[in-house]
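Student: My questions will all concern the structure given below.
What follows is calculated from the coordinates using simple rules that are stated; it is not laboratory data. Note that this is a predicted model, so its numbers are computed, not measured. Positions of Cβ are generated from backbone atoms using ideal geometry, with glycine treated the same way; all protein chains shown enter the neighbour counts.
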Amino acid sequence: MLAGSAFAQAPQLPAPDTVSLDRLGTMSSFPPQPDQLVDQSNRTKYPQMRWVLQHTRELLPTRNIRRGSGPVSTLRTAPRELGSVVFQDDKGQDITVDAWLTQTYTDALVVMHRGRIVYERYMNQMRPETPHLLFSITKSFTGLLAAQLAHEGKIDLDAPVTKYVPELADSAWADMKVREVMDMTGAVRYREVYTDPTTEVFPYLYASTLLPPQPGYTGPRNIYDFLKTLKKEGEHGAGFVYRTVHSEVLGWIVSRVTGRHFADVMSERIWSRLGMEEDAYLMVDPVGTPLQGAGLNATARDLARFAEMLRRGGEFNGQRVFDRAVIDDLKRGGDREKFKASGMAFRAGYSYHNQWWVLHNADGAFEASGVHGQMVHINPAAEMVVIKLSSHPVAGAGFTHPLTLKAWEALAKAVR
């Protein structure tokens with residue numbers, strides 16, 4: 001959604017090897033040569049964006065998510081040759097897992113089965129210790145924390161949003177319930193038309209620093225001020241429409257009820273309890289507001305720990321991290337009829353619940369997803385989790401999702 005605004009429609013894609021960071025030499029000399037330089041003038045362009053997704057904090061303000069002082073939880077391995085697994089692509093032609101990774105501009109892949117890493121690959125200068133921008137996977141962390149706080153009685157899902165954030169009394173959220181924010185069924189006028197700078201996505205991008213403001217811009221300069229400007233459009237609860245601004249409101253509620261910065265909540269409740277290898281970090285706006293809909297950066301292995309905890313019903317590293325009831329509710333999903341309002345034909349049969357995508361397939365799979373190819377996929381029946389981090393030229397999931405679904409099926413079949 002965010003960094004790929006130039007790709008509302010699929011372009012002629014460059015051959016993956018021609019835009020690899022190794023071949024381009026991006027930021028590799030001291031100082032960088034002009035044709036290697038990534039700065040504020042080109043950070044949202046392609047292929048420079050491939051470097052930015054692994055180096056976000058070098059260009060934009062961030063806040064650390066500490067792993068704490070505890071020992072690293074060991075990820076056991078049981079290597080299997082999954083790269084040569086063959087499946088049919090969406091055109092009915094044979095493709096291997098490794099070819100799929102190359103074709104979809106993958107930076108990292110980690111496959112775990114029954115708690116062991118069975119396949120792990122890094123490409124495009126990505127390394128196990130490299131944090132990667134996750135975009136909307138961030139939403140799923142926000143939703144999970146909000147669901148846990150609701151389970152603890154600290155958030156009332158049937159309460160109006162203004163119970164927790166009275167600052168939104170004159171906005172679209174004035175008469176919206178927290179549950180309608182969680183499942184993105186609240187009605188708000190927020191359009192994402194990247195060819196039309198009058199649509200609401202542009203002041204959001206400027207307020208959050210995801211795009212530098214254009215000359216003459218006089219609108220909001222931080223996320224919270226921007227949210228106050230949005231108005232109601234339609235009927236709350238009528239149907240699911242994917243809008244990043246709901247995640248920012250939900251994050252505001254989480255921070256308000258905990259009295260803590262979101263990065264600190266993440267550290268206390270997740271990062272310090274899973275035995276993570278690396279700190280994570282979160283993008284922030286000019287006044288320190290966390291981007292709780294798009295700003296998380298973390299390594300593939302640490303995401304694998306997080307996903308394995310979810311597969312195990314909320315327990316990992318000898319600790320109960322989330323209540324099982326919270327995970328069970330997430331897996332049940334949301335209203336599949338309301339999901340049809342999204343217009344996402346490529347996710348037919350899905351629902352959206354607590355900021356997670358639920359497949360409603362025979363394996364009970366659910367996932368978190370971010371633009372340009374970020375995925376956390378959990379398949380309980382196959383006892384498998386998959387982390388895929390990418391820097392695809394096309395932002396929207398619809399361009400690659402049919403092939404992704406086939407890859408999930410092939411990997412699940414291979415590990416069983």
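Student: Tell me, how many Å apart are the Cα centres for the range 38-85 and for the range 302-351?
Tutor: With the range 38-85 and the range 302-351 each reduced to a Cα centre, they are spaced 23 Å.
Student: Would you order Thr142, Thr185 from fewest to most other beta-carbon atoms within 10 Å of each residue's own beta-carbon?
Tutor: On the way: Thr142 28, Thr185 24.
Lowest count first: Thr185, Thr142.
Student: Now for a different question. Could you list the square roots of 5 times each eigenvalue of the Cα gyration tensor of the range 346-387, that is, the equivalent ellipsoid semi-axes, sorted largest first and rounded to whole Å? Let's see the in-between values first.
Tutor: On the way: eigenvalues 49, 38, 15 Å².
Over the Cα atoms of the range 346-387, the ellipsoid semi-axes are 16, 14, 9 Å.
Student: Let me ask something else. Taking 10 °C and 1.306 mPa s as the conditions, I'd like the Stokes-Einstein D for the range 137-197 in µm²/s, using the Kirkwood hydrodynamic radius from alpha carbon pairs. Mind dumping the intermediate values first?
Tutor: Working: Rh = 12.8 Å.
Value of D from the Cα-based Kirkwood radius: 124 µm²/s.
Student: Here's something else I'd like to know. At q = 0.08, 0.09, 0.10, 0.14 Å⁻¹, what base-10 log of I(q)/I(0) does the Debye formula yield for the chain when every alpha carbon is treated as an equal point scatterer in vacuo?
Tutor: -0.40, -0.51, -0.64, -1.37
Student: Given an 8 Å cut-off on Cα distances and at least 6 residues of separation, report the relative contact order of the chain as a percent.
Tutor: Values: 811 pairs, mean separation 98.3, N = 416.
Over the chain, the number comes to 24 percent.
Student: OK, next. Sum -39500 (n - 2.57) across every DSSP H segment of at least 4 residues in the chain, then divide by the residue count to get the 222 nm mean residue ellipticity, nearest 500.
Tutor: Numbers: 13 runs with 109 residues, N = 416.
Taking each H run of at least 4 residues, the total per residue is -7000 deg cm²/dmol.
Student: List the residues, sorted by chain then number, that are 5 or more residues from Phe316 or on another chain and whose placed amide H is less than 5 Å from its amide H.
Tutor: Here the answer is Val321, since their amide H atoms fall under 5 Å of that of Phe316.
Student: Using the alpha carbons of the range 299-374, what is the convex hull volume per residue in cubic angstrom, as a whole number?
Tutor: Values: hull volume 7.8 nm³, N = 76.
Roughly 103 Å³ of hull volume per residue.
Student: Once you compute Rg and the Kirkwood Rh from C-alpha atoms, what is the Rg to Rh ratio for the range 257-390? Walk me through the numbers on the way to the answer.
Tutor: Working: Rg = 15.4 Å, Rh = 16.0 Å.
Radius of gyration over Kirkwood radius for the range 257-390 works out to 0.96.
Student: Quick one: Asp35, Asp225, fewest Cβ neighbours within 10 Å first, how do they rank?
Tutor: Numbers: Asp35 8, Asp225 16.
Taking fewest neighbouring Cβ atoms as first place, the list is Asp35, Asp225.
Student: OK, next. Tell me, Kirkwood radius of the range 33-141 from alpha-carbon pair distances, in Å? All intermediate terms of the calculation are to be shown ahead of the outcome.
Tutor: Details: mean 1/r = 0.0591 Å⁻¹.
So the Kirkwood estimate lands at 16.9 Å.
Student: Follow-up. Hey, fewest Cβ within 10 Å first, where do Ser69, Ser28, Ser41 land in order? Intermediate values should be presented prior to the final figure.
Tutor: Details: Ser69 6, Ser28 13, Ser41 10.
Listed from fewest to most nearby Cβ atoms, that is Ser69, Ser41, Ser28.
Student: A further question follows. How big is the gap, in Å, between the Cα center of the range 385-416 and the Cα center of the range 133-201?
Tutor: The two parts, judged by their Cα centres, are 27 Å apart.
Student: Let me ask you something else. Show the residues, 5+ positions off or on another chain, whose built amide H is closer than 5 Å to the amide H of His353.
Tutor: Here Gly334, Val358 satisfy the definition.
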